[in-house]
Amino acid sequence: MEFSPGRIKINYGNSNVAIVPIENNDVYCQKIKITLNNSEDGVITPTITALEDVSPEWLNIEFDIPEEALDDDLYYYYAAFTTNDIASVFKHSIKPKNDMKDVFVAKNTAKNLNMNIGLVTGQRIFALMRLENHVVSVHYDLEGRLIAKGETIELEKFIYGTDNEFDFLGRIYAPLVAKYNNARPLSSVPAGWCSWSRYYRNVDDKKIVSSVEDMSDIRGADLFQIDDGWQVDGTFPGDWFVDMDKFPNGLEPIVKQCNDAGMTFGLWLSPFLVQEDSQYYDSVKHLARTDVLAGNSTPTKSIRIFDLDNPEFYEKLYKTYHWLSHELGVKYYKLDFLVFGYFSFHCAIRFKSDYKSALFRKVIQTIREAVGDDAIMLSCGSPIIECAGIFDAQRESRDIICPKNAGDPFYWQHWSNIKNASKTVLYRYFYNNVVFRNDPDGAVLRDFDIGDGFDCNYAEARYWSTIVAFSGGLVLSNDEFRTLSKPRKELFTKLLPPLGISGRPIDMFEYPAPTKAIIEAKDNVRYIASFNLSDKFENMDINLTDFGITGEKLVFKCWESEFVGKTSAIYDKLVNPHYALMYMVKDIPAEPTFLYSNINVYLGDNVFCSEFKNGKLNISVKEEFKQYVNDGTKLFAYYPKEYASAITDEEKIFVDDEEFIITEYKL
C-alpha cells in the first residue's frame with residue numbers, strides 16, 4: 001500500500017492558495033521552493049527557500065489516505081492537543097475531519113492497513129496534524145511572517161510510514177523524538193503526595209504539615225508537592241509570593257521538614273499568565289499582552305498572556321525561578337496552563353520577534369536555566385512535542401477529578417472521568433521513559449465526597465490504581481492519607497516501589513476504549529490487565545493468547561498476591577462493574593529461582609533478585625529497595641521437581657505440584 005506525501009498546499013494570504021504535486025524532493029510553488037530533506041533514519045526535514053519576499057500564512061504537506069483503506073473499518077487515534085486533553089479513537093466514517101497535535105495513526109482494522117505520520121520536533125514553528133476526509137496533512141502555521149528573498153527556514157521534522165501502530169509509536173516514533181530533542185526523561189519514578197485533588201486552593205500550614213507527617217511514614221515516599229493556593233492572589237497572580245496568611249512561617253520550615261524526611265519539595269506555578277483582578281496586575285501590566293485574551297479567559301475573568309517579545313519578562317522570569325530553586329529550595333516544578341501562553345481559541349496569537357513555538361520554548365528554557373539541571377520539571381496543561389528536551393516529566397491525562405463545580409451537569413460523573421483519563425494514559429504509553437516520565441495524575445482513592453463530586457467505590461479505586469501501575473509514571477497520593485480506610489491505603493502502598501515501565505493497550509483501535517493492556521517487563525515476565533468498563537457484572541475469562549502469550553505459564557493475581565497456577569487461561573466469573581483484573585505472567589523457570597512476593601502489586605519482581613549456585617538458591621533484596629522489606633513481607637521460591645533436594649529446612653512448602661514445588665522462603 002502506497003502512503004507518502006502527495007502535494008504541497010500553501011496559503012500566501014487573501015485566499016491565495018497554491019497547490020503543487022510532489023514529484024521529487026524539490027518542489028517549486030510560485031514564490032518559494034520547498035525541499036524535503038530525507039535522513040537515513042527516515043526523518044523528513046522540510047525547508048522553505050524564498051524566491052522573492054514572501055509572507056505565507058500556512059503550508060500543508062498532504063497525504064492521501066489510500067482508497068483501499070477508506071471504508072467503515074478505518075479508525076484513527078486522536079492524539080488531542082495538550083497533556084490534559086482526552087485522547088481517543090474515532091471511526092473515520094463518523095468523524096472524518098479533525099485537528100490534532102503531533103501524531104496521526106490510522107488503521108483499517110479489517111484489512112490490517114496502517115498509516116502513520118508523526119511530528120518529530122516542535123522547536124520553532126507551530127505544527128499539527130489536519131484530517132480532512134481522505135486527506136491528512138502536516139500543517140505548519142507560518143504566521144504571515146516575512147521570509148526574505150534568498151532566506152531559507154527549516155520546518156519541523158516529521159516521519160511517516162505504514163508500520164504496525166505499536167512498532168511505529170513505541171519503536172520508531174518515540175525514540176526519534178527523544179533523539180532529535182535531546183530528551184531528558186526522568187530516570188527515577190517519584191512517589192509521594194500532591195495537594196491538588198484533596199485541598200485544591202484551600203491549602204494552609206496545618207494541612208500541609210500534617211500531610212508531610214503522613215508521607216514521612218510511607219516507605220519510599222520521596223516527593224512532596226504543594227499545588228495551586230500557596231501563593232498570594234489567585235491562580236494567575238503574575239508575581240509569586242508565599243501567602244503568609246496561610247503559611248505564617250513561610251514555606252522554609254516545610255521545605256526542611258520534607259528534606260529531613262527524604263522528600264524533594266515541589267511547587268505548582270503558571271508562568272505564562274496573569275489575571276486582571278490580581279493585586280499585582282498593575283505592576284506587571286507592562287509585561288503583558290493587553291491586546292489578546294488568554295485561551296482560558298471567561299466572561300467573568302479576564303486573563304492575559306505575558307509578552308514573549310519583551311526581554312524584561314524573561315529577566316523577571318529568571319529571577320523568580322532562581323529564587324524559588326536556589327533560596328527557597330524548590331526542586332520539583334509542576335508548571336501548568338502552559339498552552340495558553342501561545343495558543344488561544346479566541347484569536348490567533350502571534351509575536352513580533354519569532355514564531356510562537358520558538359518563543360514558547362524560550363520561556364521554558366529560561367525556567368530550566370534558572371532552576372538548574374538537577375531540578376525536576378513537569379509540564380501540565382501543555383503541548384507535548386514542544387516540551388521535549390526541556391521537561392523531565394509530563395502529565396499524560398486530564399485531572400482525575402474534573403469538573404469540580406457542583407453546578408456542572410457532569411459534576412457527579414466521576415466514573416466517566418476515570419474512564420477518559422484511563423484510556424488516555426494507556427494511549428500515551430510510548431512517551432514514558434523515552435521522551436518524558438509520564439504522570440497519570442494523582443492516586444485519588446477516597447470513598448467520601450469532599451465537595452468535588454468524587455466518591456469512588458472500592459472497585460473504581462482499584463481500577464484507577466491499576467491504571468497508575470500501568471502508567472509506569474509518578475505515584476502521588478492526593479488524599480488526606482490518615483483518613484483513608486486500610487484497604488484504600490494498601491492500594492496506594494502496593495504501588496511502591498514503582499516499576500517504571502508503562503503498559504500499552506493490546507488493541508490500540510478497540511472502540512471506544514481499550515479493555516486489555518500489557519506491561520512487557522522482561523523477556524520472561526509480563527503484567528496483564530483486563531478492565532470491566534461496563535455498569536454490570538461481567539464474565540471476564542482470559543486466554544493468554546489474547547495478549548500475544550503462547551503456551552502455559554505461571555500466573556499470579558497481582559493485587560491479591562496469589563498464585564493462580566500453571567495455565568494458559570484464566571476464568572473470572574461475575575467481575576464487579578468498574579473493576580480491573582491484574583496478573584503477573586511468568587515463563588516456567590528451568591532452575592530454582594525467586595518467584596514472587598506480597599511486597600507490592602508487581603509481586604516483588606522489581607525488588608528481589610536471585611542466584612542458584614553450587615546447589616543452593618540465594619534470594620536477596622536490591623540495595624535501593626531494602627527499606628520496603630518489613631515483618632509482613634513474604635517471599636516465595638520456585639523449584640523444578642528435580643531440584644527438590646535443594647530446598648532448605650527453613651523453607652516451608654507452599655505448593656507441591658507434580659512438576660514443581662513452591663516454598664515460602666526466609667531471607
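The values are calculated or read from the model by the stated rules, or taken from the named source; none is laboratory data. Quick caveat: nothing in here was measured; it's all calculated off a predicted structure. Using ideal geometry, Cβ is built from the backbone for each residue, glycine included, and neighbour counts are taken over all protein chains shown. Quick note on the areas: whole protein, heavy atoms, side chains included, nothing else; ligands and nucleic acids left out. Shrake-Rupley method; radii C 1.70, N 1.55, O 1.52, S 1.80 Å.
Results, tabulated for the structure shown:
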quantity	calculated
Flag for residue 80 being buried (at least 19 other Cβ atoms within 10 Å of the Cβ), at positive phi and not basic (Lys, Arg)	yes
Within region 551-561, tally of residues that are of a type in the set (Gly, Ala, Ser), surrounded by 15 or more Cβ atoms within 10 Å (Cβ to Cβ) and without any contact (Cβ under 8 Å) to a residue 60 or more places away in the chain	0
Filtered residues of region 595-620 (kept if touching a residue at least 40 places away in the same chain (Cβ under 8 Å) and under 32 Å from the mean Cα position of the chain (by Cα))	595, 596, 600, 601, 602, 603, 605, 606, 607
Any chance residue 572 is modelled with pLDDT under 95 and within 31 Å of the chain's Cα centre (by Cα)	yes
Some residue of region 97-106 being within 24 Å of residue 182 (Cα to Cα), at pLDDT 95 or above, open to solvent by 60 Å² or more (accessible area, probe 1.4 Å) and not charged (D, E, K, R)	no
Filtered residues of region 204-223 (kept if assigned to a loop (DSSP other than H, G, I, E, B) and either touching a helix residue (DSSP H, G or I) at 6+ places or on another chain (Cβ under 6 Å) or on the phi > 0 side of the Ramachandran plot (or both))	219, 220, 221
Segments classed as strands (runs of 3 or more DSSP E), wholly inside region 562-666, with at least 3 members that are out of contact with any His (no Cβ under 7 Å at 6 or more places or on another chain) and either open to solvent by less than 10 Å² (accessible area, probe 1.4 Å) or under 30 Å from residue 416 (Cα atoms) (or both)	579-586, 593-597, 635-640, 660-665
Selection count, region 529-561, where residues are in a strand (DSSP E or B), of a type outside the set (Ser, Thr, Tyr) and under 29 Å from residue 635 (Cα atoms)	9
Residue in region 26-45 that is without any contact (Cβ under 8 Å) to a residue 60 or more places away in the chain, outside any strand (DSSP E or B) and over 18 Å from residue 162 (Cα atoms) present	yes
Residue in region 408-415 that is touching a residue at least 24 places away in the same chain (Cβ under 8 Å) and touching a Phe, Trp or Tyr at 6+ places or on another chain (Cβ under 8 Å) present	yes
Lone qualifier among 270, 278 - being within 29 Å of the chain's Cα centre (by Cα), of a type in the set (Ser, Thr, Tyr) and surrounded by 16 or more Cβ atoms within 10 Å (Cβ to Cβ)	270
All positions within region 1-23 that are open to solvent by less than 20 Å² (accessible area, probe 1.4 Å) and over 16 Å from residue 34 (Cβ atoms)	3, 13
Single condition residue 229 does not satisfy, out of (1) assigned to a loop (DSSP other than H, G, I, E, B); (2) open to solvent by 10 Å² or more (accessible area, probe 1.4 Å)	(2)
